[in-house]
2 protein chains.
Amino acid sequence: MTQALISRIFYPAFENAPLLRGDDSAVVEDPGPGRLAVTTDSHIVSPLFFPGGDIGRLAVCGTVNDLAMVGARPQWLTAGFILEEGLSLETLQRVAESMKAAAEEAGISIIAGDTKVAERGKADGLFINTSGVGIIPVGREVGGARARPGDVVLVSGTLGDHGIAVLAARGQLQFEADVISDIAPLNGLVEVMFEACPRLGVLRDPTRGGLATALNEIARQSGVGIHLEEPAIPIGQAVTAACELLGLDPLYVANEGKLVAIVPPEQAGAVLEAMRAHPLGRQACRIGEVIAEPGGRVLMRTSIGGTRIVDVLAGEMLPRIC
Amino acid sequence: MTQALISRIFYPAFENAPLLRGDDSAVVEDPGPGRLAVTTDSHIVSPLFFPGGDIGRLAVCGTVNDLAMVGARPQWLTAGFILEEGLSLETLQRVAESMKAAAEEAGISIIAGDTKVAERGKADGLFINTSGVGIIPVGREVGGARARPGDVVLVSGTLGDHGIAVLAARGQLQFEADVISDIAPLNGLVEVMFEACPRLGVLRDPTRGGLATALNEIARQSGVGIHLEEPAIPIGQAVTAACELLGLDPLYVANEGKLVAIVPPEQAGAVLEAMRAHPLGRQACRIGEVIAEPGGRVLMRTSIGGTRIVDVLAGEMLPRIC
């Protein structure tokens, strides 16, 4: 049965020579010079399909983006499926096709896979792990520890769309919300940013835990403070409305097609221009700056003029959104 | 909570620089010349602990072995955990320590991880995906399509131990079975085999589906037949007894620390000698040979003198043994 799944659903969707060879591991050519980036992410989103995406698109883009966020060019992905007995083949087929489309969009290959089946009630429909390998071109040095006081904080577009879209699909909103998940592969956007600023030092995609968590991580890694301007932070009207009604803070809501960049002030204009010229960065804007003190902290000047600490959440605000 | 898990359990167990940096992907140095091997495996074994191992040791060794089976030197692993709400931290800690020990034994680093939590009843305790990257030294050409008529089929030791050990731990045997899983990282054994025979062409670890499935795959990939001698196939007494009582065929029962090699006849003696000098190959022996016809088929001369076809099973004989 596993053999039939593989040959009927996965091979046609992910057709490529290393996969089709059918050995215990996929073998790919010598990647040439450059360090490697390696990452992994398991996806347990519920429901499997939601406005703007599904678990398959999420699994591909999530891993592509994690690679892009260290300056790597994503190359090869693996996909590990855990199916609950009783999952329809039609569902699996739709997910595989969505993964194929996302892989093409990102320009990567899914070269190795694995399928396990758990008894009914021992898993929830479908879980997908994707792991990935990318190559970091020589000269790129990216990491959360590279923010320096004076640097400018940029974000590529509106925040909170993914988390609210999944909540809405779960029927947890008591009203119609026209919110579509932003899931997208960001590696193309990242490449144009490096063209504009080869010394780009900090990139991060604000997924689980949202912008607040991503910036707190960077502040800690770099030992700097980050100062945000609340009015500058782009949040769509429908997301704002949904968050107000549900008592959620959009700064903590997940995104799957947005990135934060921290760049030296003299290059911020060029990077912003490059981002805005790319389809996934049209609404890019400057939202704050890096400060020396307080180290490890994110502060925000609010719309009404005060300053508050933007802390890390202790629990998870929205479970199973990725 | 995820943050606490990571810093209290996973970081101490998997301590290494790329992981501790805490970026979206782990970054490792330029691997130098050689092709890359990439693989993935999800582990849903039930129960989590069994004689001779646990899900953590299984997850590390399974992926290390998949890399070794294409001639790669395993280097970096990722670990994706899906926890069911309510899993005890003590259990997770034991599994993490077991992974650490297995990683040290195999000489690899776990450089990236991910943790997701599913609600109670939506997963079964703990699932672990491990993906891995290895480097294939220049000159090695290994794959299931490289078996040639006249080649000799070697196996590194007794078959069926892992599958029967897990069954016994599940309480599905009606008697005491002193069977211990054979889980082990095979990359060290593979290296001594390449020293004895640099042109080693076919390696495979007979995991899910056992020896029969592994050899059928190779026969199909190479377009050759494989002829086995039943009396030569090493199977422990306890496994033989358990299989007889349960109506299982040990050729289809999973192994997690054994390999099959197919080598040119003039090098079989040297490879066998090298295997027997290694702790994981002491019971290595010759079990058959590659024949030209019937292509894609595995035949076996049985102990009573007849010849039978060793086919691929349609379903899975023992679910959730890996």
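For residue A:116, work out the one condition from (1) in contact (Cβ under 8 Å) with a residue 40 or more places away in the chain; (2) touching a Leu at 6+ places or on another chain (Cβ under 8 Å); (3) buried (at least 22 other Cβ atoms within 10 Å of the Cβ) it doesn't fulfil.
The failed condition is (1).
Go through the residues of the range B:66-77 one by one and say whether even a single one is under 23 Å from residue A:320 (Cα atoms) and either in the same structural domain as residue B:124 (by TED's automatic domain parsing) or among the basic types (Lys, Arg) (or both). I'd like the intermediate steps shown before the answer.
In the first step, residues of the range B:66-77 are kept if they are under 23 Å from residue A:320 (Cα atoms); the result is none.
Within the range B:66-77, not a single residue is under 23 Å from residue A:320 (Cα atoms) and either in the same structural domain as residue B:124 (by TED's automatic domain parsing) or among the basic types (Lys, Arg) (or both).
For residue A:114, state whether it is assigned to a loop (DSSP other than H, G, I, E, B) and not polar (S, T, N, Q).
Answer is no for this residue.
Output yes when any residue across the range B:57-67 is open to solvent by 10 Å² or more (accessible area, probe 1.4 Å) and touching a helix residue (DSSP H, G or I) at 6+ places or on another chain (Cβ under 9 Å), and no when none is.
yes
Within the range A:123-154, which residues are within 17 Å of the chain's Cα centre (by Cα) and surrounded by fewer than 21 Cβ atoms within 10 Å (Cβ to Cβ)?
None - no residue of the range A:123-154 is within 17 Å of the chain's Cα centre (by Cα) and surrounded by fewer than 21 Cβ atoms within 10 Å (Cβ to Cβ), so the list stays empty.
For residue B:171, state whether it is more than 14 Å from chain A (Cβ to nearest Cβ) and without any contact (Cβ under 8 Å) to a residue 24 or more places away in the chain.
yes
In the range B:84-102, what residues are open to solvent by 10 Å² or more (accessible area, probe 1.4 Å), among the small types (Gly, Ala, Ser) and part of a helix (DSSP H, G or I)?
B:98, B:101
With the structure loaded, tell me whether residue A:46 is of a type in the set (Gly, Ala, Ser), under 20 Å from the mean Cα position of the chain (by Cα) and open to solvent by 20 Å² or more (accessible area, probe 1.4 Å) or whether it fails that test. Please lay out each step first, then the result.
Details: of a type in the set (Gly, Ala, Ser): yes; under 20 Å from the mean Cα position of the chain (by Cα): yes; open to solvent by 20 Å² or more (accessible area, probe 1.4 Å): yes.
Answer is yes for this residue.
Among the listed residues A:178, A:182, identify the single one that is modelled with pLDDT of 95 or more, of a type outside the set (Lys, Arg) and in a loop (DSSP other than H, G, I, E, B).
On the way: A:178 fails: modelled with pLDDT of 95 or more.
Every option except A:182 fails the conditions.
Could you identify the single residue in B:157, B:188 that is open to solvent by 10 Å² or more (accessible area, probe 1.4 Å) and either more than 30 Å from residue A:41 (Cα to Cα) or more than 14 Å from chain A (Cβ to nearest Cβ) (or both)?
Criteria check complete, one pass: B:188.
Would you please list the contacts, defined by Cβ atoms under 6 Å and residues six or more apart or on different chains, that run from a residue in the range B:211-226 that is in the same structural domain as residue B:292 (by TED's automatic domain parsing) to a residue that is of a type in the set (Gly, Ala, Ser) and assigned to a helix (DSSP H, G or I)?
B:217/B:144; B:218/B:144; B:221/B:144; B:221/B:145; B:222/B:145; B:226/B:219
Quick one: which residue in A:231, A:206 is surrounded by fewer than 20 Cβ atoms within 10 Å (Cβ to Cβ) and closer than 23 Å to residue A:297 by Cα?
A:231
Looking at the range B:153-175, which of its residues are touching a strand residue (DSSP E or B) at 6+ places or on another chain (Cβ under 6 Å) and in a loop (DSSP other than H, G, I, E, B)? Even if it seems obvious, please write down each step before you answer.
As a first pass, look at the range B:153-175 and keep what is touching a strand residue (DSSP E or B) at 6+ places or on another chain (Cβ under 6 Å): B:153-155, B:165-166, B:169.
Across the range B:153-175, there are no qualifying residues.
From the set of residues in the range A:280-300 that are in contact with a His (Cβ under 6 Å, 6 or more places away or on another chain) and closer than 13 Å to residue A:260 by Cα, which is most open to solvent (accessible area, probe 1.4 Å)?
Among residues in the range A:280-300 that are in contact with a His (Cβ under 6 Å, 6 or more places away or on another chain) and closer than 13 Å to residue A:260 by Cα, the one most open to solvent (accessible area, probe 1.4 Å) is A:289.
How many residues, within the range B:33-43, are more than 15 Å from the chain's Cα centre (by Cα) and either over 24 Å from residue A:37 (Cβ atoms) or open to solvent by 10 Å² or more (accessible area, probe 1.4 Å) (or both)?
Adding up the residues that qualify gives 2.
Go through (1) touching a residue at least 12 places away in the same chain (Cβ under 8 Å); (2) surrounded by fewer than 24 Cβ atoms within 10 Å (Cβ to Cβ); (3) at the interface with chain B (Cβ under 9 Å from one of its Cβ atoms) for residue A:51 and report which single condition fails.
For residue A:51, the exception is condition (3).
For residue A:263, which of the numbered conditions (1) within 14 Å of chain B (Cβ to nearest Cβ); (2) in contact with a Cys (Cβ under 7 Å, 6 or more places away or on another chain) fails to hold?
(1)
From the list A:121, A:80, pick out the single residue that is out of contact with any Leu (no Cβ under 9 Å at 6 or more places or on another chain) and assigned to a loop (DSSP other than H, G, I, E, B).
Just a single option satisfies the conditions, and that option is A:121.
Take the residues in the range B:1-32 that are more than 20 Å from residue A:132 (Cα to Cα) and open to solvent by 70 Å² or more (accessible area, probe 1.4 Å), then tell me which one is farthest from the other protein chains (Cβ to nearest Cβ).
Ranking the candidates gives B:15 first.
The values are calculated or read from the model by the stated rules, or taken from the named source; none is laboratory data. A quick note: this is a predicted structure, and the numbers were derived from the prediction, not measured. For neighbour counting, all protein chains shown are included, and Cβ atoms are generated from backbone atoms with ideal geometry for every residue, glycine included. The area values use the complete protein model at the heavy-atom level, side chains included, leaving out ligands, DNA and RNA. Shrake-Rupley method; radii C 1.70, N 1.55, O 1.52, S 1.80 Å.
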